[in-house]
Amino acid sequence: MSYNQEPSEEEKNNWHEDPNNWVWGIFYFNPKDKRMFPPKKIKELDWTINFANANSVLICVVIILALMILSESFK
């Protein structure tokens with residue numbers, strides 16, 4: 001795979017199946033994978049966060065902070 005080329009579906013599947021890319025079997029962490037929200041380990045269960053992608057972690061933190069602020073305003 002060249003630097004600017006999109007990885008193939010086969011390569012994405014290999015990353016997904018590699019146990020080294022799953023911390024404790026539930027957190028996906030793969031710096032080579034630029035997707036923010038790859039499929040969960042059991043693909044039928046929707047999506048997860050790629051914790052190696054700073055943008056996905058930032059989005060997650062912003063959503064959590066927004067929910068915390070909204071929950072405080074309804075007390």
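Among the residues that make up segment 54-67, is at least one of them open to solvent by 80 Å² or more (accessible area, probe 1.4 Å) and either within 21 Å of GLU11 (Cβ to Cβ) or at pLDDT below 85 (or both)? Break it down into steps so the answer makes sense when it comes.
Taking segment 54-67 as the starting set, the residues that turn out to be open to solvent by 80 Å² or more (accessible area, probe 1.4 Å) are 55, 58, 62-65, 67.
If we keep only those that are either within 21 Å of GLU11 (Cβ to Cβ) or at pLDDT below 85 (or both) too, we end up with 55.
Looking through segment 54-67, at least one residue is open to solvent by 80 Å² or more (accessible area, probe 1.4 Å) and either within 21 Å of GLU11 (Cβ to Cβ) or at pLDDT below 85 (or both).
If you check PRO31, PRO39, which single one turns out to be closer than 22 Å to SER8 by Cα, open to solvent by 60 Å² or more (accessible area, probe 1.4 Å) and of a type outside the set (Gly, Ala, Ser)? Show your work before the answer.
Details: PRO39 fails: open to solvent by 60 Å² or more (accessible area, probe 1.4 Å).
Checking each option against the conditions leaves just PRO31.
Can you list residue pairs whose Cβ atoms sit under 8 Å apart, with the first residue in segment 48-64 being without any contact (Cβ under 8 Å) to a residue 24 or more places away in the chain and the second being part of a helix (DSSP H, G or I)? Count only pairs 6 or more apart in sequence or on different chains.
Going by the 8 Å Cβ cut-off, the qualifying pairs are ILE49/SER56; ILE49/VAL57; ILE49/CYS60; ASN50/SER56.
Condition (residue is β-branched (Val, Ile, Thr) and touching a Phe, Trp or Tyr at 6+ places or on another chain (Cβ under 9 Å)) applied to segment 36-53: is it met by at least one residue? Spell out the reasoning first.
Step one: of segment 36-53, the residues β-branched (Val, Ile, Thr) are 42, 48-49.
Pick out the ones that are also touching a Phe, Trp or Tyr at 6+ places or on another chain (Cβ under 9 Å) and you get 48-49.
So far as segment 36-53 goes, yes, one or more of its residues are β-branched (Val, Ile, Thr) and touching a Phe, Trp or Tyr at 6+ places or on another chain (Cβ under 9 Å).
Filter segment 1-25 down to residues that are among the polar types (S, T, N, Q) and in a helix (DSSP H, G or I) and give me whichever is surrounded by the fewest Cβ atoms within 10 Å (Cβ to Cβ). Explain how you work it out, then say what you get.
First, the residues of segment 1-25 that are among the polar types (S, T, N, Q): 2, 4-5, 8, 13-14, 20-21.
Checking the rest, the ones that are also in a helix (DSSP H, G or I) come to 13-14, 20-21.
Values: ASN13: 13, ASN14: 12, ASN20: 8, ASN21: 20.
The extreme case among them is ASN20.
Give me a count of the residues in segment 40-53 that are within 16 Å of ASP18 (Cβ to Cβ) and either under 10 Å from the mean Cα position of the chain (by Cα) or modelled with pLDDT of 85 or more (or both). Let's see the steps before the verdict.
Let us first name the residues in segment 40-53 that are within 16 Å of ASP18 (Cβ to Cβ), namely 40-43, 48, 50-52.
After this cut, where a residue has to be either under 10 Å from the mean Cα position of the chain (by Cα) or modelled with pLDDT of 85 or more (or both) as well, the list is 40, 48, 50-52.
Count: 5.
State whether the residues of segment 43-56 include one that is part of a strand (DSSP E or B) and not acidic (Asp, Glu). First the steps, then the outcome.
The first filter runs over segment 43-56 and keeps only residues part of a strand (DSSP E or B), leaving 47, 50.
Narrowing further to those that are not acidic (Asp, Glu): 47, 50.
Yes, segment 43-56 contains at least one residue that is part of a strand (DSSP E or B) and not acidic (Asp, Glu).
For (1) out of contact with any helix residue (DSSP H, G or I) (no Cβ under 7 Å at 6 or more places or on another chain); (2) β-branched (Val, Ile, Thr), each residue gets a yes or a no:
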| residue | (1), (2) |
| --- | --- |
| GLU10 | yes, no |
| PHE29 | no, no |
| ASP33 | no, no |
| VAL62 | yes, yes |
| LEU70 | yes, no |
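Scan segment 26-39 and tell me whether some residue there is of a type outside the set (Ser, Thr, Tyr), in a helix (DSSP H, G or I) and under 13 Å from the mean Cα position of the chain (by Cα).
The answer is no; no qualifying residue exists.
The values are calculated or read from the model by the stated rules, or taken from the named source; none is laboratory data. From a predicted model like this one, the values you see are computed outputs, not experimental measurements. Cβ coordinates were reconstructed from backbone atoms using ideal geometry, including for glycine residues, and neighbour counts include every protein chain displayed. Protein only, heavy atoms only, side chains kept; ligands, DNA and RNA dropped before computing areas. Shrake-Rupley method; radii C 1.70, N 1.55, O 1.52, S 1.80 Å.
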